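Chemist: Questions regarding the structure given below will be posed in turn.
Bear in mind that the values in this text are calculations on the coordinates, not laboratory data. Because the structure is predicted, anything quoted here is derived from the model rather than measured. Counting neighbours? That spans all protein chains shown, and the Cβs are built from the backbone with ideal geometry, glycine included.
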Amino acid sequence: MDSQEAATSIERIAGLIAESRRLVFFTGAGISTESGIADFRGTGGLWTRYDPEDFTIDKFLNSAESRRKQWHIFKEGLMTGKAQPNAAHLAIAELHRMGRLDCVITQNVDDLHQKAGVPEDKVFELHGNMKRAVCLGCRRRYPFEEIKTRLDAGEVIPACPNCGGTLKPDVVMFGEQLPYRVLEEAGRRSRAADLFIVIGSTLVVYPAAYMPAYAVESGARLVIINLGETPMDREATVLVSARAGETMTAIVDKVKGKRDI
Ligand code: ZN
């Protein structure tokens with residue numbers, strides 16, 4: 001897209017945000033690549049170095065070797081490392097501070113929306129979060145640091161200190177159900193949205209990708225900011241093929257300008 005076209009799109013999106021009463025963002029891997037997190041499926045991504053077949057919930061439950069590998073990845077921070085929020089995460093957090101944000105629904109497990117300043121109760125993590133481990137027995141959750149300390153001290157497959165049950169990184173593995181309550185609330189918020197902005201998702205992973213469909217069915221305007229095509233491009237009121245960081249920064253600057261008039 002040329003710069004004139006980009007400027008027009010940014011202006012239109014800022015106008016939609018300024019009019020919106022229920023603004024929902026939906027984010028995928030593409031928003032975090034600018035923070036240095038390779039799309040798991042893309043070049044240099046996790047699944048080019050590891051076999052996804054080793055990361056099914058069945059293998060995790062039934063194979064000590066699979067559990068060992070998963071905990072190794074968790075310990076080394078290979079999924080997210082020390083990534084920091086980028087301009088796109090910060091722009092969304094700024095919209096929250098301006099009182100403009102209903103919520104963020106994310107496919108990412110990297111905690112970057114929260115690190116940017118969006119409160120925990122406004123982030124719906126469809127695929128979990130690497131900052132926690134969960135016990136499959138008592139469902140108690142433990143912070144990453146606590147488990148990492150144990151792994152660094154030599155434990156290979158940590159057990160739950162409360163009940164002795166199996167601990168699992170609190171991310172949705174292949175073949176595993178999405179967290180029901182999160183999914184349900186994300187669906188409700190999507191249907192209630194009047195403006196639904198997709199950033200950095202190819203909208204091909206279900207059931208996450210139902211969210212924009214729910215929003216459109218319920219009458220929301222749809223905006224897609226993504227490098228590459230999605231199956232919902234034709235439904236979009238505004239479609240932007242550009243990097244998320246600079247695009248979102250420009251949009252939020254415009255929204256601020258409108259408020260000051
Ligand atoms: Zn337990």
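Chemist: Run the quick spin-label model on D54 and A18: label points 7 Å from Cα toward the beta carbon, then report their separation in nm to one decimal.
Modeler: Once both label points are built, they end up 5.3 nm from each other.
Chemist: Taking R0 as 35 Å, what's the FRET efficiency between S3 and E76 from their Cβ-Cβ distance, rounded to 0.05?
Modeler: Details: r = 41 Å, r/R0 = 1.17.
Plugging the Cβ-Cβ distance into 1/(1 + (r/R0)^6) gives 0.30.
Chemist: Could you tell me what percent of the DSSP beta bridges with both partners in the chain are antiparallel, to the nearest 5?
Modeler: Approximately 30 percent, going by the DSSP bridge assignments.
Chemist: So, in Å, what gap is there between the alpha-carbon centers of the range 182-242 and the range 101-146?
Modeler: Value for the Cα centre distance between the two parts: 21 Å.
Chemist: For the pairs K82/K256; K148/K168; K69/K122; K59/K82; K122/K256; K131/K256, note any where the Cα-Cα span goes beyond 24 Å. Kindly include the intermediate steps, with their values, before the conclusion.
Modeler: On the way: K82/K256 31 Å; K148/K168 13 Å; K69/K122 32 Å; K59/K82 28 Å; K122/K256 21 Å; K131/K256 33 Å.
Too far apart for the 24 Å limit: K82/K256; K69/K122; K59/K82; K131/K256.
Chemist: N62 label point, 7 Å along Cα→Cβ, cut-off 17 Å on backbone N: hits in the range 143-179?
Modeler: Those under the cut-off are 173-177.
Chemist: Over the range 76-165, with a single point scatterer placed on each C-alpha, what log10 of the ratio I(q)/I(0) does the Debye formula yield at q = 0.10 1/Å?
Modeler: So the normalised log intensities are -0.33.
Chemist: Taking the Cα centre of the range 193-261 as the origin and placing charges on Cβ (Lys, Arg +1; Asp, Glu -1), which of A244, G228, S201 is farthest toward the positive end of the dipole?
Modeler: Highest projection toward the positive end goes to A244.
Chemist: Going by C-beta contacts inside 10 Å, put E19, E94, E11, E34 in order with the fewest on the left.
Modeler: Values: E19 12, E94 21, E11 15, E34 18.
In order of increasing Cβ crowding within 10 Å: E19, E11, E34, E94.
Chemist: Based on the alpha-carbon gyration tensor of the chain, what equivalent-ellipsoid semi-axes (square roots of 5 times the eigenvalues) come out, in whole Å, largest first? List each step's numbers first, then the result.
Modeler: On the way: eigenvalues 243, 63, 59 Å².
Semi-axes (√(5λ), whole Å): 35, 18, 17.
Chemist: For P85, what charge total do you get from the other residues with a beta carbon under 10 Å from its beta carbon, if Lys and Arg give +1 and Asp and Glu give -1? Each step should come with its number before you reach the end.
Modeler: Details: positive: K115; negative: E34, D110, D111.
Result for the neighbourhood of P85: -2.
Chemist: Same structure again: Once both labels are modelled 7 Å past Cα along the beta-carbon direction, what's the E229-E120 spacing in nm?
Modeler: About 4.2 nm separates the two model spin labels.
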